[in-house]
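A.B. asks: For reference, the structure I am asking about is given below.
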Amino acid sequence: MASLKDMRNRIASVKATRKITKAMQMVAAAKLRRAQEAAQAARPYAERMDAVLSGVAGRITDKTSGSPLLIGTGKDQVHLLIVMTAERGLCGGFNSNIARLARQDAMRLIGQGKTVKIMTVGRKGADNLRRDLGKNIVERIELAGIKQLGFSNAEGIANKVLAMFEAGEFDVATLYFSEFKSVILQKPTALQLIPAKIPEVDSSAPKGAMAVQEYEPSEEEVLGFLLTRNVSTQVFRGLLENAASEQGARMSAMDNATRNAGDMINKLTIKYNRLRQANITKELIEIISGAEAL
Amino acid sequence: MAATFKFELVSPERVLLSVDAEQAIVPGADGEFTMLPGHAPVIATLRPGVLDVSAQGSKKRLFVKSGFAEVDPARLTVLADKAFDLDDMTPSMLAAELKTAEAELVGAKDDEARMIADTLVSELKRLSSRAA
């Protein structure tokens, strides 16, 4: 049976834990707001990019002669999975959810006899996948120490991917990240990066203005430029969504932890009080029975 | 009042500028072109250079580092990888930009990257010599 002192220490330690989780929750909430703002601010660029790209790609009628970034290499033997996760843990199922989705896909592809290569962005994803798929990891990128994600970070990753593609190291690239739906809901998502999935042209949009369009220097060059740029834009989008999701996941995980610590403190306090009363009663009985014996 | 069009300068990180402009001179890859309201629709890639925007009597000079411009009669959207307002730039900031650009030129792998970096370096040199 624990002594009163042990119980007091126990309660004090849970209270200290609750303070830490509470602080982490508030930090995550502040970071989440910033991450959301960053994601919001990046949206206009991505939207214009999508619109222009679908406009240009929709006009390319000859589907066989286009850039390999758009139509692929004609094979799908070697797959590159780019798995984006957080640098740090303590954010609920965030990292393991992404890793699980990537692992399932990797196993399925391996089962079909395809070659799978994995590029991890963020330390946690590499840690998570190392056991089962360690030999498939070809590249590990860590973004630790970066306070504010910039487009240059995304460009660095995209350039690596493009260099690998040009060297013929893979046929299909898929991006794994967590889509930010809301603070309590983040959805692990797989997005095909190469060959590019062109968003469908919105048929309800007014066609008249866009119908006659000139391109400088030429349609092919503009499309080529857009396609390479699109890779970094998508990577950037993934990074930002991931950053917001991570903070959201951490916030709700820490909220849960704080609540659990509170419950635990209540239970322990009740137990402590019972024990204290029992001790007092016991002492009283001892005194009374001692007095009666005289 | 002169006719205007909507000018937007967007970087991947955020919208940098959104104004009603009367005129804009855009450094296109095939040469500079002036955009006035009612311009024919064009999609053009950009080379590093200065973008001149005249809006509501004031002139803005913006430096853009590659990207593309989407033009239609009532709107000009410039999607730039990197852009900054020249009025906000100090000579030391220009020098720092020039230094990174020169490093890029040395590290450029193919002709195209070298050409872009080269244009960037010469543009920045021109600007910093003028600012000095």
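The values are calculated or read from the model by the stated rules, or taken from the named source; none is laboratory data. Note that the structure is predicted; figures quoted are calculated from it, not measured. Glycine also receives a Cβ, built like all others from the backbone with ideal geometry; neighbour counts cover every protein chain displayed.
A.B. asks: Residue by residue through the stretch B:1-47, note down the ones that are under 20 Å from B:A101 (Cβ atoms), more than 14 Å from the chain's Cα centre (by Cα) and in contact (Cβ under 8 Å) with a residue 12 or more places away in the chain.
C.D. replies: Residue satisfying the conditions is B:P12 alone.
A.B. asks: Where residues in the stretch A:217-233 are over 19 Å from B:V10 (Cβ atoms) and charged (D, E, K, R), which of them is nearest to the other protein chains (Cβ to nearest Cβ)?
C.D. replies: Pass one, the stretch A:217-233, residues over 19 Å from B:V10 (Cβ atoms): A:217-221, A:223-224.
Keeping just the survivors that are charged (D, E, K, R) gives A:219-221.
Working: A:E219: 9, A:E220: 12, A:E221: 7 Å.
Across the stretch A:217-233, the extreme among qualifying residues is A:E221.
A.B. asks: If you don't mind, another one. Please go through the stretch B:1-35 and give me each residue that is surrounded by fewer than 17 Cβ atoms within 10 Å (Cβ to Cβ), part of a loop (DSSP other than H, G, I, E, B) and more than 13 Å from chain A (Cβ to nearest Cβ), ordered by number.
C.D. replies: Within the stretch B:1-35, B:M1, B:A2, B:A3 qualify.
A.B. asks: Please count how many residues of the stretch B:48-103 are within 15 Å of the chain's Cα centre (by Cα), surrounded by 21 or more Cβ atoms within 10 Å (Cβ to Cβ), among the hydrophobic types (A, V, I, L, M, F, W, C) and within 20 Å of B:M115 (Cβ to Cβ).
C.D. replies: Number of matching residues: 6.
A.B. asks: Might you check whether a residue that is assigned to a strand (DSSP E or B) and modelled with pLDDT under 90 occurs anywhere in the stretch A:93-110?
C.D. replies: Narrowing the stretch A:93-110 to residues assigned to a strand (DSSP E or B): A:93.
Right, trim to modelled with pLDDT under 90 and you get A:93.
Checking the stretch A:93-110: at least one residue is assigned to a strand (DSSP E or B) and modelled with pLDDT under 90.
A.B. asks: Tell me, yes or no, whether the stretch A:136-155 has at least one residue that is assigned to a helix (DSSP H, G or I) and over 21 Å from A:T189 (Cβ atoms).
C.D. replies: yes
A.B. asks: Which residue out of A:Q104, A:Q112, A:Q77 is within 25 Å of the chain's Cα centre (by Cα) and of a type in the set (S, T, N, Q)?
C.D. replies: Working: A:Q112 fails: within 25 Å of the chain's Cα centre (by Cα); A:Q77 fails: within 25 Å of the chain's Cα centre (by Cα).
Sole residue among the options that is within 25 Å of the chain's Cα centre (by Cα) and of a type in the set (S, T, N, Q): A:Q104.
A.B. asks: Name the residues in the stretch A:98-145 that are of a type in the set (V, I, T) and surrounded by 17 or more Cβ atoms within 10 Å (Cβ to Cβ), would you?
C.D. replies: Residues of the stretch A:98-145 of a type in the set (V, I, T): A:98, A:110, A:115-116, A:118, A:120-121, A:137-138, A:141.
A:I98, A:V116, A:I118, A:T120, A:V121, A:I137, A:I141, listed by residue number.
A.B. asks: Same structure again: For the stretch A:238-253, indicate whether the set of residues that are under 30 Å from B:E13 (Cβ atoms), assigned to a helix (DSSP H, G or I) and within 11 Å of another protein chain (Cβ to nearest Cβ) is non-empty.
C.D. replies: Checked the stretch A:238-253: at least one residue is under 30 Å from B:E13 (Cβ atoms), assigned to a helix (DSSP H, G or I) and within 11 Å of another protein chain (Cβ to nearest Cβ).
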